[in-house]
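Take a look at this one; I'll ask things after.
Just so it is clear, none of the values below were taken in a lab; they were calculated from the coordinates. Computed from a prediction, not measured in an experiment: that's the story for all the values here. Glycine gets a Cβ as well: all are built from the backbone with ideal geometry, and neighbour counts include every protein chain shown.
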Amino acid sequence: MSSERLSGIHVLVSLRCNIRSNEPRDLRSGSTWLNRRPLTKIKLRRYLVDGSAPILLVRTTGMKKASPQMAPTAIRSTLQTNAVALLTPTYGRDLDSCALLCESVDRHVSSFLRHYLLVPDSDFAIFSRFEGERRSVVPASRLLPGWLRPLPKIVQRKRRQYWWSFRTRPVSGWHVQQVLKIAGTMALPHQRYCILDSDIVFFRDFDLSGLAGPNSVPLLRMPDRLTLNQTRHARWVETAHQLLGLPKPRFPASDFIGHIIFWDRQVVRAMVARIEEVTGRDWIEALCRIREFSEYMLYGYFVQNDAEFSGMHTPSSRTRCVSYWDHLKLDHSGLNRLLGGAAEKDVAFSAASFSGTPVEMIRAAIEETRRLRGPLAEKYVRA
């Protein structure tokens, strides 16, 4: 067997190993709520500081035809402890939004090492055009376990693709994107991550140099924001506590969901180990079984309830993104009104993809705002 092929096999094994906990699973409680115990005292520190170096699989430079099955190339063999990387899970229906995101990142975002697009294997070819000197496209199969597989695209519900396994009920692509954020954070060779949904577009320069280690990690936390009347969000709060072995939450509760979110790799690995300890299952299986979860709630409540990791973060009650979460489609005047109300430190805009706001309309509104506001729209902002 050639040395090149042996190297490729080693890379595959290395990446697989880095997205799973190596700790023994000694908790098999079937109870919905477990007794409270300090997260800082769980026996997971060996898992956090192991010396393994994850390796990313990407398309080999110069290959003309993109395919998830192509020969992998190792980007790094050592952990980039002080670098910030960008992480974007996306898929075919968000192709135009992702294109606008990538354009705006290339124009405005600085001091990051690499931007990763995590995509379903079936969409790998159409996203391969975004690969470049500082951007890689990673097929989902390189980060997910073999037992979780996508159903054919013709099998959809509410225009969503689903993934199936013999271990859990089918889960939507939206759930899989959340899983990919966690898996990518653990498997890719960086310590800090800035997570960007594909419906974000930057309109001001944004320097990430202040977020490299050992500086603290920004944590979006909005205290007492959520009530039981917000049924879906309240359920995400409850499942986060359940998966982390925390006591039942009190409401109003904190909200950790937003745009331009920052994660630390060490914290994510500890969070995953905690989920596996509490549930007695592989963390991906545990999330797929519970289904109603939020990756940002999991990270936020894990940090909030761990004194050591809480000390690594700096809470903030607002993000630097002007966000539109409603289902109603925005028109030209609505876009201009939102962009015109951006605060001085805001650097980006996001209209949720489910609003149906046309990408070209967003692009035009950004350009119009830039022309009208002149230098103010280009003002340099440091993280």
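Rounded, prolate or oblate: which one fits segment 142-215, using the alpha carbon gyration tensor with axes a ≥ b ≥ c (rounded when a/c is under 1.5, else prolate when a/b beats b/c, else oblate)?
Working: a/c = 4.13, a/b = 1.80, b/c = 2.30.
Here segment 142-215 falls in the oblate category.
Oh, and also: Give the long-range amide H neighbours of residue 118: residues separated by 5 or more places, or on another chain, with amide H under 5 Å away, using H modelled in the peptide plane at 1.01 Å from N.
Those qualifying (amide H under 5 Å, at least 5 residues apart or on another chain) are 88, 90, 138.
To the nearest 20 debye, what charge dipole does segment 85-204 have about its Cα centre, counting +1 at the Cβ of each Lys and Arg and -1 at the Cβ of each Asp and Glu?
Working: 18 positive and 10 negative charges, 100 e Å.
Value, rounded to 20: 480 debye.
Using r as the Cβ-Cβ distance of residue 337 and residue 121, and R0 as 35 Å, what FRET efficiency do you calculate, to the nearest 0.05? Provide the component values of the computation, followed by the final result.
Working: r = 40 Å, r/R0 = 1.15.
So the FRET efficiency works out to roughly 0.30.
When only DSSP loop residues count, what trypsin sites (Lys or Arg not before Pro) in segment 102-165 have their Cβ near at most 11 other Cβ atoms within 10 Å?
Working: sites: 107, 114, 129, 134, 135, 142, 153, 157, 158, 159, 160; in loops: 114, 134, 153, 158, 159.
Qualifying residues, ordered by number: 158, 159.
Distance in nm between label sites at residue 131 and residue 166, each 7 Å beyond Cα in the beta-carbon direction?
3.3 nm
Say R0 is 22 Å: what FRET efficiency, to the nearest 0.05, do residue 111 and residue 316 get from their beta-carbon distance? Let's see the in-between values first.
Numbers: r = 19 Å, r/R0 = 0.86.
Efficiency computed from Cβ-Cβ geometry: 0.70.
Shifting gears a bit: Can you tell which of 332, 256, 309 lies farthest toward the positive end of the dipole of segment 228-383, using +1 and -1 charges on the Cβ of basic and acidic side chains (Lys, Arg; Asp, Glu)?
332
Under 1.5 on a/c is rounded, so check that first for segment 87-202, then, if it is not, pick prolate when a/b is larger than b/c and oblate when it is not; a ≥ b ≥ c are the square roots of the alpha carbon gyration tensor eigenvalues. Kindly include the intermediate steps, with their values, before the conclusion.
Working: a/c = 2.18, a/b = 1.56, b/c = 1.40.
Verdict is prolate for segment 87-202.
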